[in-house]
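A short write-up of the structure that comes next.
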Amino acid sequence: GQQLNQSPQSMFIQEGEDVSMNCTSSSIFNTWLWYKQDPGEGPVLLIALYKAGELTSNGRLTAQFGITRKDSFLNISASIPSDVGIYFCAGTTSGTYKYIFGTGTRLKVLA
Amino acid sequence: EPEVTQTPSHQVTQMGQEVILRCVPISNHLYFYWYRQILGQKVEFLVSFYNNEISEKSEIFDDQFSVERPDGSNFTLKIRSTKLEDSAMYFCASNRGGNEQFFGPGTRLTVL
């Protein structure tokens, strides 16, 4: 079945550093979305991407929809302690609204 | 800002018992979804629901599962005879169509 692989699996960074994570698939996706999940809570939408090559920002977050439609990355600039959490990519393919979720990147920020 | 709400936040049940998880989607949304997340794993799609019928379901969503929109506001997931492996977080999501789904806070189901 379709899978989304995220890397890195986890990362520890110092407060103030920039973070980059990505999501790749062997299949083409029509939409890429990035969510953040805090412990014991539901995923919260950060950024949605709809077109190949699209680059979108939301505050300190920037995400891009890969040209091949098989990947996406998320950057976080000047990280702060509340950036801690698990970041999931999700995608949809043609003819369906169901999300395929990635494996997640666990981010820890050291103050 | 409108939110998806879910009750209960935590449900503990004995194996073989029936459980109903409840969701109130955002009021003007038309598409409703259930996902589950086994502890430490990724979020997995279960079912989507539109116009009072299931529009898509995954292989996880077998005959033990059912969904219902009993009135204009609630959306429920029923598990008829729970198994140990049904223990997970269950998330409801909704949208108006398009691709930005909004998730509820989840119900943690523990099957003993």
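In this structure, A:Arg60 does not satisfy being of a type in the set (D, E, K, R), open to solvent by 50 Å² or more (accessible area, probe 1.4 Å) and within 12 Å of chain B (Cβ to nearest Cβ). The set of residues in segment A:18-57 being touching a strand residue (DSSP E or B) at 6+ places or on another chain (Cβ under 7 Å), open to solvent by 80 Å² or more (accessible area, probe 1.4 Å) and touching a residue at least 12 places away in the same chain (Cβ under 8 Å) consists of A:Asp18, A:Tyr50, A:Lys51. Taking the criterion of being in contact (Cβ under 8 Å) with a residue 12 or more places away in the chain and either closer than 19 Å to A:Gly91 by Cα or at the interface with another protein chain (Cβ under 7 Å from one of its Cβ atoms) (or both), the residues of segment B:33-54 that qualify are B:Tyr33, B:Trp34, B:Tyr35, B:Arg36, B:Gln37, B:Val43, B:Glu44, B:Phe45, B:Leu46, B:Val47, B:Ser48, B:Phe49. Taking the conditions exactly as written (closer than 30 Å to B:Leu109 by Cα and basic (Lys, Arg)), does A:Lys98 satisfy them or not? In short, yes. Among the residues of segment A:71-96, those identified as within 8 Å of the chain's Cα centre (by Cα) and over 23 Å from A:Pro39 (Cβ atoms) are A:Ser72, A:Phe73. Select from segment A:63-103 the residues that are out of contact with any Cys (no Cβ under 9 Å at 6 or more places or on another chain) and among the charged types (D, E, K, R) and write down the one among them that is surrounded by the fewest Cβ atoms within 10 Å (Cβ to Cβ). Top of the filtered list is A:Lys70.
Does at least one position in segment B:64-77 carry a residue that is loosely packed, with under 13 Cβ neighbours inside 10 Å, under 18 Å from A:Gly42 (Cα atoms) and at pLDDT 95 or above? There is no residue in segment B:64-77 that is loosely packed, with under 13 Cβ neighbours inside 10 Å, under 18 Å from A:Gly42 (Cα atoms) and at pLDDT 95 or above.
Which of the residues belonging to segment B:78-112 are among the small types (Gly, Ala, Ser), surrounded by fewer than 19 Cβ atoms within 10 Å (Cβ to Cβ) and over 20 Å from B:Leu30 (Cα atoms)? Selection gives B:Ser81, B:Ser87.
Which strands (runs of 3 or more DSSP E) does segment B:59-103 wholly contain that include 1 or more residues that are farther than 27 Å from A:Asp38 by Cα and away from chain A (no Cβ under 14 Å)?
In segment B:59-103, B:65-68 are the strands (runs of 3 or more DSSP E) which contain 1 or more residues that are farther than 27 Å from A:Asp38 by Cα and away from chain A (no Cβ under 14 Å).
Would you pick out the residues in segment B:10-40 that are under 24 Å from A:Gly104 (Cβ atoms) and open to solvent by 100 Å² or more (accessible area, probe 1.4 Å)? Correct list: B:Leu39 only. When A:Arg106 is tested against the conditions (1) open to solvent by less than 60 Å² (accessible area, probe 1.4 Å); (2) modelled with pLDDT of 95 or more, the lone failure is (1). Which of the residues spanning segment A:34-53 are at the interface with another protein chain (Cβ under 9 Å from one of its Cβ atoms) and either among the β-branched types (Val, Ile, Thr) or in a strand (DSSP E or B) (or both)? Selection gives A:Tyr35, A:Gln37, A:Val44, A:Leu45, A:Ala48. Taking segment A:63-93 as the range and being within 12 Å of chain B (Cβ to nearest Cβ) and assigned to a loop (DSSP other than H, G, I, E, B) as the test, only A:Thr93 passes.
The values are calculated or read from the model by the stated rules, or taken from the named source; none is laboratory data. Small disclaimer: the values here were computed from a predicted structure and weren't measured. Virtual Cβ from ideal backbone geometry, glycine too; neighbours counted across all protein chains shown. What goes into the accessible areas is simple: the full protein's heavy atoms, side chains included, and nothing from ligands, DNA or RNA. Shrake-Rupley method; radii C 1.70, N 1.55, O 1.52, S 1.80 Å.
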